[in-house]
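Okay, structure first, notes after.
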Amino acid sequence: MKLLSMGCKKFNMDPKKGIEFLVQNSLLEYTENEVAQFLYKGEGLSKTAIGDYLGEKNEFNETVLRRFLHLHDFTDLILVQVRFLKSFFVRRGFFGNFCEFIVAKILWFCMLKRKN
């Protein structure tokens, strides 16, 4: 349990190094699904650090982002919940624009669900 706590602290300071630490200590499997689940549970993790990690521009992190979003149930989402989800993402540069795009898509999806 101590190693997991240390890994979370490392993740909050430097997400990439935190994930590496957790994988090296066999606390996390380095797969897109496992990392997405870990971030989704988010126990002891900084939302900003999660957003930084998900915003990395490489294939692995982009797949983790998609898996992370799939873990959320957007069926009956209300605006407050969209803002909560949005809080995971750091608003800067390209990724800030991407976040706005994702939020717009989520709102659109929710509106369609309510009509049906």
- Test for Leu39: is it in contact with a Leu (Cβ under 9 Å, 6 or more places away or on another chain), of a type outside the set (Lys, Arg) and not in a helix (DSSP H, G or I): no
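Going through Lys105, Lys86, Lys113 one at a time, which residue ends up being modelled with pLDDT under 90 and in contact with a Ser or Thr (Cβ under 7 Å, 6 or more places away or on another chain)?
On the way: Lys105 fails: in contact with a Ser or Thr (Cβ under 7 Å, 6 or more places away or on another chain); Lys86 fails: in contact with a Ser or Thr (Cβ under 7 Å, 6 or more places away or on another chain).
The unique qualifying residue is Lys113.
So that you can scan it fast, the table gives a plain yes or no per residue for (1) aromatic (Phe, Trp, Tyr); (2) within 18 Å of Glu59 (Cα to Cα); (3) surrounded by 13 or more Cβ atoms within 10 Å (Cβ to Cβ):
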| position | (1), (2), (3) |
| --- | --- |
| Leu3 | no, no, yes |
| Phe11 | yes, no, yes |
| Ile19 | no, yes, yes |
| Val23 | no, no, yes |
| Leu28 | no, no, yes |
| Ala36 | no, yes, yes |
| Lys47 | no, no, yes |
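The values are calculated or read from the model by the stated rules, or taken from the named source; none is laboratory data. Note that the structure is predicted; figures quoted are calculated from it, not measured. Cβ: placed from backbone, ideal geometry, glycine included. Neighbour counts: every protein chain shown.
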